[in-house]
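Written out below as structure tokens is the structure these notes cover.
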Amino acid sequence: MAGAKALRLGVAVLAAVALAGCGGGGKIGGGNNSGQASKKLVLIPGVKAEPFYISMRCGAEEEAKKRGYELTEQAPDKFEAGLQTPIVTGVLATKPGGVLIAPTDDKAMARPMADLKNAGIKVVEVDTKVTDASISVSKISSNNEQGGRKAAETLAKLVGEKGSVLVLNTKAGTSTTDMRAKGFEEEIKKYPNIKYLGQQYTDNEPAKAAQIVSSTLSANPDLAGVFATNLNTGEGASTGLRNAGKTGAVKLVGFDASPKQVDELRKGGVDALIAQDPAGIGRRGVEQAVSAIEGKSTEGEIQTDLVAITRDDMDQQSKYFYKTTC
Ligand code: T6T
């Protein structure tokens, strides 16, 4: 019993030093004592090498550096809970102070994330979230439902408030794109001359999005517009319309602003983009994780910027264009 108490005391002292050392950004001592570990943050995005999550990492790294914390990233090859779960389990073993995670499924990721929390690791949800709200100390994302409403409003104007429209979703259980589809569905009801064809899932694969667009076109010759709920579906939808020779004729509103989507907007392959602020999500995520680690209060929910970008105003909105490198 005496040894353990000494350790905890030891830890308390170390933590105090760690806190004191925050501004200086220096590491504390060499060895792997718990004080050291608490200054390590791990970012687990939804998928690797994707401009939205790369931009998020850039913001998170910048903020971590500013606060003297070390941030590393571990990402799954695909947006899949089966690939993200072993990463979480591996990170658990390294006992970082905090984890910023974009859960790839709102149910399946709750268990591995709860294990992090139960090990004393501060969990912050960035972008997506799980339905169990008790695990993370803070949830940071765009107001995705409002983003979906904005997309419906923008698309309705583009199609002259008539004709059929389709929603391309990613995977059921992705909290963000599900909220975008929900917001769109509620808002499009306000346009009596618009026929809503419902939503179809693309498995977050551009090729599947392109294929759904062409099959929907053959079944619905009066297809007037498409809302693509994220980067991958958007890139696929542009391709699908191009393959069918319908670019510009069928209006497309996408979510996100990857370099490819921005190029499509400039060339007319997409008509409007709802862009997020991934770097801002990353910065606020680190800010909240550090507060939690240092025993300060955190904000339960934080909503970051969302902007609608068109060809006319895109050059004024370039700060919202996503990056492929920091
Ligand atoms: O739209 C973003 C993100 O917000 C969403 O949760 C998943 O897809 C993206 O990463 C874009 O591919």
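The values are calculated or read from the model by the stated rules, or taken from the named source; none is laboratory data. Note that the structure is predicted; figures quoted are calculated from it, not measured. Cβ coordinates were reconstructed from backbone atoms using ideal geometry, including for glycine residues, and neighbour counts include every protein chain displayed. To get the accessible areas, we keep the full protein, side chains included, count just its heavy atoms, and leave off ligands, DNA and RNA. Shrake-Rupley method; radii C 1.70, N 1.55, O 1.52, S 1.80 Å.
Give, as a single signed number, the net charge of other residues whose beta carbon lies under 10 Å from the beta carbon of ILE194, with Lys and Arg counted +1 and Asp and Glu -1.
Working: positive: LYS162, LYS189, LYS190, LYS195; negative: GLU161.
So the surrounding residues net to +3.
Length gained on full extension, THR310 to GLN211: 33.1 nm, using 0.36 nm per residue less the C-alpha separation. For a straight C-alpha distance cut-off of 17 angstrom, the lysines reachable from LYS117 (same-chain residues fewer than eight places away being disregarded) are LYS39, LYS40, LYS95, LYS107, LYS129, LYS139, LYS296. Using Cβ point charges alone (K and R +1, D and E -1), the dipole size of the chain about the Cα centre works out to roughly 600 debye.
Below 15 angstrom from the Cβ of GLN211, what's the summed charge of the other residues (Lys, Arg +1; Asp, Glu -1)? With Lys, Arg at +1 and Asp, Glu at -1, the net is 0. Dipole orientation for the chain: of the candidates ASN220, LEU71, THR233, LEU71 has the Cα lying most toward the positive pole (charges on Cβ; Lys, Arg +1; Asp, Glu -1). Rg then Dmax, both in Å and based on the Cα atoms of the chain: 21.7, 78. Answer rounded, prolate or oblate for segment 241-282, using the Cα gyration tensor with square roots of eigenvalues a ≥ b ≥ c: rounded when a/c is under 1.5, else prolate when a/b is larger than b/c, else oblate. Judged from the Cα gyration tensor, segment 241-282 comes out prolate (a/c at least 1.5, a/b above b/c). Compared with the dominant principal axis of the Cα atoms in the chain, helix 231-243 is inclined by about 20°. Using Cα pairs under 8 angstrom and six or more residues apart, how large is the relative contact order of the chain, in percent? After rounding, I find 19 percent.
Over all other residues within a Cβ to Cβ distance under 9 Å of VAL165, the charged ones net out to +2, with Lys and Arg as +1 and Asp and Glu as -1. Segment 113-241 gives an Rg/Rh value of 1.08, both radii derived from C-alpha positions and Rh following Kirkwood.
Each DSSP beta bridge with both residues in the chain is either parallel or antiparallel, and the antiparallel ones are about 10%. Protection proxy ranking of 247-257, 187-197, by the mean of other Cβ atoms within 10 Å over each peptide's residues and highest first, is 247-257, 187-197. Expressed as a whole percentage, what fraction of the accessible surface of the chain belongs to carbon and sulfur atoms when a 1.4 Å probe is rolled over the protein heavy atoms? The computed percentage sits at 54. Note that the chain presents 42 Å² accessible area per residue, ligands and nucleic acids not counted, probe 1.4 Å. Rounded if a/c is under 1.5, else prolate if a/b beats b/c, else oblate: with a ≥ b ≥ c from the C-alpha gyration tensor eigenvalues square-rooted, which is segment 39-146? Verdict is rounded for segment 39-146.
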